[in-house]
Amino acid sequence: MKLSAFGQKFTADAGITSLMDDLGNALASGDDMIMMGGGNPGQIPEVQERLQAILAQISQDADATRRMVGIYDPPQGEKQFIAALVDLLNDEYGWGLTPANIALTNGSQAAFFMLFNMFAGDYGNGQHKHVLLPLAPEYIGYADAGIAPDLFRAVRPEISFTGPHEFKYRVDFDALEVRADTGAICVSRPTNPTGNVITDDEMSRLEALARSHDVPLIVDGAYGTPFPSLLFVDAEPRWNEQIILCLSLSKLGMPAARTGIVIAAEPVIKALSGINAIMNLATGSFGAMLAEPLVRSGEILPMSRELVCPFYRAKMERAVNVFTEAMGEDCRWYIHKPEGAMFLWLWFPDLPVSSLELYQRLKARGVLVVSGHYFFPGLAEDGWRHRHECLRVTYSQDDDRVAEGLRRIADEVRAIWLEHPSVSA
Ligand code: PLP
């Protein structure tokens, strides 16, 4: 098979493809694997019941059923959902949105593909621009989304210690450089993989930098505010024309409905809708129609804050307690301050094996996690050991299984230290 540059790039071994294959194979092997690798949301019974009730209503209404499955929406997305969202966000935050500020996409992943390639890559005048990721580690799903090579440039974080076994990454503004070839700045908030929440102050400084260089600040709120609110610290929901805010219905409990939401200045939405028409003709109506009553009534906000957030917070607290007890004090270990999302980011300084080897050893013990080295898209290989010392562990699934998985991780790490007595823990 002969392939174009595009064909070659997108069939080459992408980090996310091999990761998804590995997760899929582990699942299909039939082994009793403890799955702490993926980003699948947990099942929250109250949310599921509410969605079931809305579906039942739609199925009883011939006109609504026809709208859900029988007509193409405009490429910008389902109009009633967009109108309801405009009203909700204006009432709640006074953002002054109109329907021309919102587009829907088939999952927010698709939005990132379109946005990154809109703002970065080949500008046709000899200039090649990049997306600046101010805080590595960042979401692995960005890594291979560029049509052009080398689409990302990332910056190492500052590390501050916030407890005996806890640390937090912060944006290193001294090292952060917005250049003439920066096409956009992008952060996930909360961050996948670390559970970090970039502070309001960091956000203001990033926004000011974006404004002064006339580039958009893309904020990935897949776990964030105003919904689904997998947030355990305060974080101000923020939008203005400098910001492209990307939201998603996935982590609310609807990943299969593939609904991403982009809130941006009118020209961005117009461009995005045009690309969406070419790539997809229309965006699926299913998620938008299912969530529309929740948005129209405003219910999506208390549902996020009072159901979804406490569900994940309780899981996070249990996971931290189990891991703290299992690790004890014999060797060095840290958890990134878990401020949101559904992951613990574990750091084992000076561990005698790499995170990839630790991942393989854990897989052999029936626990599937993700090696942290995948999460540094755009950061040049610079001998920074830290990037090979971390694991991402998902705690969204069954608590007992998560606890067992965490105990096996602790056992394995301690076993590695015992095998290497000459290296000091
Ligand atoms: N952004 C982040 C940080 C994610 O973790 C994910 C999925 O896990 C996405 C975006 C994409 O989500 P979706 O395409 O389901 O909206």
What pairs can you find where one residue is in the range 39-64 and within 30 Å of S371 (Cα to Cα) and in contact (Cβ under 8 Å) with a residue 40 or more places away in the chain, the other is among the basic types (K, R) and away from the ligand (no atom under 16 Å from the Cβ), and their Cβ atoms are less than 9 Å apart, with a gap of 6+ or different chains?
G42/K315
Residue pairs within 6 Å by beta carbon, gap of at least six or interchain, first lying in the range 344-372 and under 23 Å from S422 (Cα atoms), second small (G, A, S), listed first then second, are S355/S371; S355/G372; L356/S371; Y359/S371
Selection from the range 389-425 of residues that are open to solvent by 50 Å² or more (accessible area, probe 1.4 Å), touching a Phe, Trp or Tyr at 6+ places or on another chain (Cβ under 9 Å) and in a helix (DSSP H, G or I)
R407
Considering the range 203-237 alone, what residues qualify as being away from the ligand (no atom under 11 Å from the Cβ), of a type outside the set (S, T, Y) and without any contact (Cβ under 8 Å) to a residue 40 or more places away in the chain?
M203, R205, E207, A208, L209, A210, R211, H213, D214, L217, D234, E236
Is it the case that the range 161-174 has a residue that's aliphatic (A, V, I, L, M), within 16 Å of the ligand (Cβ to nearest atom) and under 22 Å from Y142 (Cβ atoms)?
no
Sole exception among (1) in a strand (DSSP E or B); (2) farther than 24 Å from P75 by Cβ; (3) within 12 Å of the ligand (Cβ to nearest atom) for H130, by number
(3)
Strands (runs of 3 or more DSSP E) completely within the range 242-353 that count 3 or more residues being touching an Asp or Glu at 6+ places or on another chain (Cβ under 9 Å):
243-248, 334-336
On the basis of being farther than 30 Å from A257 by Cα and either over 16 Å from the mean Cα position of the chain (by Cα) or open to solvent by less than 40 Å² (accessible area, probe 1.4 Å) (or both), does T162 make the cut?
yes
Within the range 303-321, the residues that are aliphatic (A, V, I, L, M) and surrounded by fewer than 20 Cβ atoms within 10 Å (Cβ to Cβ) are L307, A314, V320
For the range 238-262, what are the residues that are among the aliphatic types (A, V, I, L, M) and more than 14 Å from the ligand (Cβ to nearest atom)?
I243
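The values are calculated or read from the model by the stated rules, or taken from the named source; none is laboratory data. The model shown is predicted, which means the values in this text are computed figures rather than measured ones. Reconstructed Cβ throughout: ideal geometry from the backbone, glycine too, with neighbour counts over all protein chains shown. Protein only, heavy atoms only, side chains kept; ligands, DNA and RNA dropped before computing areas. Shrake-Rupley method; radii C 1.70, N 1.55, O 1.52, S 1.80 Å.
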